[in-house]
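The values are calculated or read from the model by the stated rules, or taken from the named source; none is laboratory data. It should be emphasised that the depicted structure is a prediction, and the values quoted were computed from it without experimental measurement. Cβ coordinates were reconstructed from backbone atoms using ideal geometry, including for glycine residues, and neighbour counts include every protein chain displayed.
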Amino acid sequence: MTLYFEEEGELTLPLECRKIAEEVIETALDLTGCPYEAEVNLLLTMDAQIQEMNAEFRGIDRATDVLSFPMIEYPAPGEFNFLEEREDCFDPESGELSLGDIVISKEKVVAQAREYGHSVLREYAFLIVHSILHLTGYDHMDDMERHEMEVKQDDIMKCLNILR
């Protein structure tokens, strides 16, 4: 797995952000059944920058905690077998599956950890898990999808032993 990691802004989370992200992404991909080596881009930024992206790409002019930009449209959540015929989903140099981009607001990580009464580590890991599920076809647009995604999120967080 290749993680392209970038961080901007004056706030620094009190974590080994890159190392934790690698572990969380690897675990999430294993538990979603991803049979390929994959690459993910992760940007840690500030509220102002994520607000600009949210306005530009989603038409919502406010800061959010995480944005996910999947490179692949899946026929069903976590279904990877159709990719055998899709060379365009793989990096031609590395051969890795190009999953997409994750953008996380560091300010939201800290604020939501405080609001929900858990650690910064738990919030950071959860947002990455949530986003990886989006990058592998999961969504929460209706109650059934939301329930399936929440169960998968909980399973991954338990496997990581990062609990509330």
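Would you mind telling me which numbered condition in (1) of a type in the set (A, V, I, L, M, F, W, C); (2) touching a residue at least 24 places away in the same chain (Cβ under 8 Å); (3) in contact with a helix residue (DSSP H, G or I) (Cβ under 6 Å, 6 or more places away or on another chain) Leu127 fails?
Of the numbered conditions (1) of a type in the set (A, V, I, L, M, F, W, C); (2) touching a residue at least 24 places away in the same chain (Cβ under 8 Å); (3) in contact with a helix residue (DSSP H, G or I) (Cβ under 6 Å, 6 or more places away or on another chain), the odd one out for Leu127 is (3).
So is Asp91 modelled with pLDDT of 95 or more and not aliphatic (A, V, I, L, M) or not? Break it down stepwise before answering.
Working: modelled with pLDDT of 95 or more: yes; not aliphatic (A, V, I, L, M): yes.
In short, yes.
Residue-wise test of (1) over 22 Å from Ile162 (Cα atoms); (2) of a type outside the set (Lys, Arg); (3) in a helix (DSSP H, G or I).
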{"residue": "Ile20", "(1), (2), (3)": "no, yes, yes"}
{"residue": "Pro35", "(1), (2), (3)": "yes, yes, no"}
{"residue": "Asn41", "(1), (2), (3)": "yes, yes, no"}
{"residue": "Glu52", "(1), (2), (3)": "yes, yes, yes"}
{"residue": "Glu56", "(1), (2), (3)": "yes, yes, yes"}
{"residue": "Phe69", "(1), (2), (3)": "yes, yes, no"}
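Can you name the condition, by its number, that Phe126 falls short on among (1) over 16 Å from the mean Cα position of the chain (by Cα); (2) of a type in the set (Phe, Trp, Tyr); (3) within 21 Å of Glu150 (Cα to Cα)?
Status for Phe126: all satisfied but (1).
Has segment 133-146 got at least one residue that is touching a strand residue (DSSP E or B) at 6+ places or on another chain (Cβ under 9 Å), outside any helix (DSSP H, G or I) and on the phi > 0 side of the Ramachandran plot?
The answer is yes, given that some residue of segment 133-146 is touching a strand residue (DSSP E or B) at 6+ places or on another chain (Cβ under 9 Å), outside any helix (DSSP H, G or I) and on the phi > 0 side of the Ramachandran plot.
Conditions (1) surrounded by 13 or more Cβ atoms within 10 Å (Cβ to Cβ); (2) closer than 28 Å to Met141 by Cα; (3) in contact (Cβ under 8 Å) with a residue 40 or more places away in the chain, marked per residue:
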site: Cys17; (1), (2), (3): yes, no, yes
site: Ala28; (1), (2), (3): yes, yes, yes
site: Asn54; (1), (2), (3): yes, yes, no
site: Pro77; (1), (2), (3): yes, yes, yes
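Output the residue which, of all residues in segment 106-164 that are under 17 Å from Leu29 (Cβ atoms) and of a type in the set (Lys, Arg), is surrounded by the most Cβ atoms within 10 Å (Cβ to Cβ).
The residue in question is Lys152.
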